[in-house]
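Only one structure is covered here, and it is reproduced in the block below.
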Amino acid sequence: MAHAHVLGLPRIGAQRELKFALESFWRGEADATALQATGRALRQANWQWQREAGLDWVTVGDFHWYDQVLTTLAHVGGLPARFGADPKTLSLTDYFGAARGTAGQPAMEMTKWFDTNYHYLVPEYTPSTAFGEGVEWLFDEVDEACAAGFNVKPVLVGPLTLLFLGKETAGLADRLTLLPALLTQYERLLARLKAQGVAWVQIDEPIFALDLPASWAEAFAPAYARLASVAPQLLLATYFGDVSAHAARLASLPVAGVHVDGVRAPEQLAILAKTWPSDKVLSAGVVDGRNVWRCDLQRALALLQPLYETLGERLWVASSCSLMHCPVDLAGETRVDEDLRAWLAFAVQKLGEVAVLRRALVDGVACVQAAFDADALAQGARRTSARIHNPLVKRKCDALTQADARRASAYPERAAAQQAWLKLPPLPTTTIGSFPQTAGIRAARAAFKRRELSHLHYLEAMREQIRLAIEKQEAYGLDVLVHGEAERNDMVEYFGELLWGYAITENGWVQSYGSRCVKPPVIYGDVYLPEPMTVTWSAYAQSLTKKPVKGMLTGPVTMLQWAFVRDDQPRAVTALQIALALRDEVAALEKAGIRVIQIDEPALREGLPLRRGDWQTYLDWAVQAFRVASSGVADDTQIHTHMCYAEFHDILPSIAALDADVVSIETTRSNMALLDAFETFEYPNEIGPGVYDIHSPRVPSQDEMTGLIEAALTRIPSGRLWVNPDCGLKTRDWAQVDAALENMVAATHVVRRRLVSRAA
Ligand code: GLN
Ligand code: ZN
């Protein structure tokens, strides 16, 4: 029979149980036994949900204490040797040491898992990397599930993906040369699973969705030939993109089945099915694992039916990817209103959708008519809802012209107009926006939310923080001040709460890395700004000082990227709607006398599609959205933007195309490596490469920052260089911020004096 399964579930727990258990273990408040008990309970709950939904398998091996890549390394004895742990007796403490750092060793590097907001730990491959035996966790979990009577399908990150996602260090030339040794360990793992009585193993090779170099693509067939000879039946899982370019390769791989993503790339299903070999399963991922929308059952069934006619029971029904990228259970959601709830499905609900689709396919829709009827009602209500479609927004979008995405004058004229009133010294100093989010601020916000603090008292508490921030910035001697963002719980959620078309969930948490979870807002309708969101805070701050106060907004691409987005219109359209709302906010700030305005776009780089061929289209609409948000101002209003968390070398032309007057950009973690790019690409406007790594409690010395400013001056002319930290200061404490910013201003003064004497 056609099977129904999912590629994995979230492991954080419906109430973020894993987060709390991990953090109390790390604090030494709970022991390993307590942590293990939480893990067991979470796994059992996930398996139970899958069985109750009517899936054929429960996925085992999707539970990870910190990260799936790290756990896979632990299985093949591949943790970086620098941690000195014995792979065979690796303890949880050793495992967490690699993830979080130890007294003697910095943590493994972290980077984004494909185009998700999940971060994995980057394997480190050296010439002496020797794989070997590792932990027994997967086998234990298989036993655990079997003992509880579940039908198990273990999942493993595949060997090619494990190698590809790592980095070569200590002079290793090509990590692909490690493949034979790694395969020996996968053979051991798979043979062991087979001995445990496992029939199918899901082996994830998502790198098929990337621009895969030929040497890597060609490595698959021989590698899987080795594995197939000892393994249970293998389901090779791809996701996050179109893999139809590899259709012939996938069809001839010595595996028993292949999974493809039918949400990101539905067209590939028919292409693959057409020539699919008669001895292979094709698993079609038609329930979206990356978003929160209820599956349109009718549409999904229409996609599956022709495949079923061709493939019969060789067609499996599945989620598009692991469900770890969506929140756990809608049942725990109290903040979203009833209408909107009816349009949503979190992981637990998606299990039911997969099962219903399989039944409709195999036994006919009549068997699951109630589910289809309920879904049709919800889909119809959503399509026609007045909450989604705002004619005013549509009119504004239609009325946009190219001129709306262009400042009135070019940068040199604007710069002169701005300097005429700003009268900034050379190398102006500023910060990125937030100041410490102290326990006091968080307590006031929580009390306000619980209605224990009146609105008036809350406002006054925030104003007091603004007064403190302004006073301190004047004392440091900064040139362009900020209000400090005390009132913001989060740079996206704060705006999401105030914009129409956005909904905030109470419990829609998704793992970001380790114990860290994020709660992306849901964009469900046309985005509209009913009234200004930041003007009173910024205007209050400006009333306290003669120095210019910089208004602070989150840009359209970041507001999109860090949310669950609509699936009923292109991302580009949603971005444009957000841009129009922000354009109104920018105008309101300007009118209120805030004439330096920063629009943060830290997520611009991470929005890039997985395949390079798709980059330009994305960059074009992303840049357009930023420009629509920022171009409605007078020449003498100064627009800033800010970027962090990424390398920017390959998108510098697009950053320049934003045409912000000033960009501040993270650079200290890469030791100002970004500056090398300016040898070949001259950034045309003003730029502030960060000179203070705010991710660390360490306070950089004045000399250190003097050195960094001087380094920046070798690439950027003094007339266009700003001095600022790498990012916002909300995670630091005031003592660190006081010391670091005093040093930063002092360092700037030293370099300014040198500039004068050099000119003389
Ligand atoms: N203005 C924001 C802050 O300072 C920017 C945060 C970010 O770039 N992630 O906190
Ligand atoms: Zn930042």
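Values for this structure:
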read-out: Answer from Glu506, Glu531 - the residue that is surrounded by fewer than 24 Cβ atoms within 10 Å (Cβ to Cβ), within 19 Å of His325 (Cα to Cα) and either more than 18 Å from the chain's Cα centre (by Cα) or among the acidic types (Asp, Glu) (or both); value: Glu506
read-out: Single residue of the range 665-690 satisfying the filter (more than 24 Å from Leu424 (Cα to Cα) and hydroxyl-bearing (Ser, Thr, Tyr)) that is nearest to ligand 2 (Cβ to nearest atom); value: Thr668
read-out: Exclusive hit being out of contact with any strand residue (DSSP E or B) (no Cβ under 8 Å at 6 or more places or on another chain), among the polar types (S, T, N, Q) and without any contact (Cβ under 8 Å) to a residue 60 or more places away in the chain, set Thr169, Thr184; value: Thr184
read-out: Residue, farthest from Glu686 (Cα to Cα), within the range 717-743, restricted to residues that are in contact with a strand residue (DSSP E or B) (Cβ under 6 Å, 6 or more places away or on another chain) and away from ligand 2 (no atom under 15 Å from the Cβ); value: Val723
read-out: Listing of helices (runs of 4 or more DSSP H) fully contained in the range 258-343 that carry 3 or more residues being at pLDDT 95 or above and touching a helix residue (DSSP H, G or I) at 6+ places or on another chain (Cβ under 7 Å); value: 267-274, 297-311
read-out: Any hit, the range 666-673, residues being out of contact with any Pro (no Cβ under 7 Å at 6 or more places or on another chain) and crowded, with 19+ Cβ neighbours inside 10 Å; value: yes
read-out: Matching residues in the range 430-448 - criterion: being more than 16 Å from ligand 2 (Cβ to nearest atom) and under 27 Å from the mean Cα position of the chain (by Cα); value: Thr438, Ala439, Ile441, Arg442, Arg445, Ala446
read-out: Residue selected from the range 214-229 under the condition within 15 Å of Pro180 (Cβ to Cβ) and surrounded by fewer than 17 Cβ atoms within 10 Å (Cβ to Cβ), by the criterion modelled with the lowest pLDDT; value: Ser229
read-out: Residue, surrounded by the fewest Cβ atoms within 10 Å (Cβ to Cβ), within the range 415-448, restricted to residues that are closer than 21 Å to Ile594 by Cβ and hydroxyl-bearing (Ser, Thr, Tyr); value: Ser434
read-out: Hey, Gly440 within 16 Å of ligand 1 (Cβ to nearest atom), at pLDDT 95 or above and within 18 Å of Asp733 (Cβ to Cβ) or not; value: no
read-out: Out of Ala588, Ala572, sole residue that is under 25 Å from the mean Cα position of the chain (by Cα), surrounded by fewer than 20 Cβ atoms within 10 Å (Cβ to Cβ) and hydrophobic (A, V, I, L, M, F, W, C); value: Ala572
read-out: Positions within the range 245-292 being of a type in the set (Gly, Ala, Ser), closer than 14 Å to Tyr224 by Cβ and crowded, with 17+ Cβ neighbours inside 10 Å, in sequence order; value: Ala256, Gly257
read-out: Conditions (1) among the charged types (D, E, K, R); (2) within 16 Å of ligand 1 (Cβ to nearest atom); (3) more than 31 Å from the chain's Cα centre (by Cα); number of the one not met by Arg732; value: (3)
read-out: Of all residues in the range 677-690 being in contact (Cβ under 8 Å) with a residue 40 or more places away in the chain and touching a strand residue (DSSP E or B) at 6+ places or on another chain (Cβ under 6 Å), the one that is nearest to Arg732 (Cα to Cα); value: Gly688
read-out: Candidates Arg758, Arg754, filtered to the one that is away from ligand 2 (no atom under 16 Å from the Cβ), modelled with pLDDT of 95 or more and not β-branched (Val, Ile, Thr); value: Arg754
read-out: One residue from Ser654, Ser664, Ser696, Ser670 being without any contact (Cβ under 8 Å) to a residue 12 or more places away in the chain and under 24 Å from the mean Cα position of the chain (by Cα); value: Ser696
read-out: Subset of the range 132-155 (residues that are under 27 Å from Tyr118 (Cα atoms) and in contact with an Asp or Glu (Cβ under 7 Å, 6 or more places away or on another chain)); value: Val155
read-out: Qualifying residue in the range 357-378 (condition: among the polar types (S, T, N, Q), crowded, with 20+ Cβ neighbours inside 10 Å and either at pLDDT below 95 or more than 24 Å from Gly501 (Cβ to Cβ) (or both)); value: no
read-out: Enumeration of residues in the range 1-39 that are of a type in the set (Lys, Arg) and loosely packed, with under 14 Cβ neighbours inside 10 Å; value: Arg27
read-out: Residue match in the range 185-192 (condition: hydroxyl-bearing (Ser, Thr, Tyr), under 22 Å from the mean Cα position of the chain (by Cα) and surrounded by 23 or more Cβ atoms within 10 Å (Cβ to Cβ)); value: no
read-out: Failed criterion for Gly525 (all others in (1) within 30 Å of Glu460 (Cα to Cα); (2) assigned to a strand (DSSP E or B) hold); value: (1)
read-out: Test: residue in the range 201-209 that is in contact with a helix residue (DSSP H, G or I) (Cβ under 6 Å, 6 or more places away or on another chain), modelled with pLDDT of 95 or more and surrounded by fewer than 22 Cβ atoms within 10 Å (Cβ to Cβ); value: no
read-out: Residue in the range 485-494 that is among the aromatic types (Phe, Trp, Tyr), within 16 Å of ligand 1 (Cβ to nearest atom) and surrounded by fewer than 23 Cβ atoms within 10 Å (Cβ to Cβ) present; value: yes
read-out: Every residue from the range 462-516 that is among the charged types (D, E, K, R) and in a helix (DSSP H, G or I); value: Arg463, Glu464, Arg467, Glu471, Lys472, Glu474, Glu493, Glu497
read-out: Number of positions in the range 694-714 that are closer than 19 Å to Cys644 by Cβ and more than 16 Å from ligand 1 (Cβ to nearest atom); value: 8
read-out: Filter result (in a loop (DSSP other than H, G, I, E, B), more than 16 Å from ligand 2 (Cβ to nearest atom) and under 28 Å from the mean Cα position of the chain (by Cα)) within the range 534-569; value: Thr534, Ala563, Val565, Arg566, Asp567, Asp568, Gln569
read-out: Of all residues in the range 583-602 being among the aliphatic types (A, V, I, L, M) and either in a helix (DSSP H, G or I) or in contact with a strand residue (DSSP E or B) (Cβ under 8 Å, 6 or more places away or on another chain) (or both), the one that is nearest to Ile665 (Cα to Cα); value: Ile599
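Per-residue answers, yes or no, for (1) within 16 Å of ligand 2 (Cβ to nearest atom); (2) at pLDDT 95 or above; (3) among the polar types (S, T, N, Q); (4) within 16 Å of Ile639 (Cβ to Cβ):
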position: Asp584; (1), (2), (3), (4): no, yes, no, yes
position: Leu589; (1), (2), (3), (4): no, yes, no, yes
position: Ile599; (1), (2), (3), (4): yes, yes, no, yes
position: Arg605; (1), (2), (3), (4): yes, no, no, no
position: Leu610; (1), (2), (3), (4): no, yes, no, no
position: Tyr618; (1), (2), (3), (4): no, yes, no, no
position: Trp621; (1), (2), (3), (4): no, yes, no, no
position: Ala625; (1), (2), (3), (4): no, yes, no, yes
position: Val628; (1), (2), (3), (4): no, yes, no, yes
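The values are calculated or read from the model by the stated rules, or taken from the named source; none is laboratory data. This is a predicted model, so every value here is computed, not measured. With ideal geometry, Cβ positions are generated from the backbone for all residues, glycine too; neighbour counts draw on all protein chains shown.
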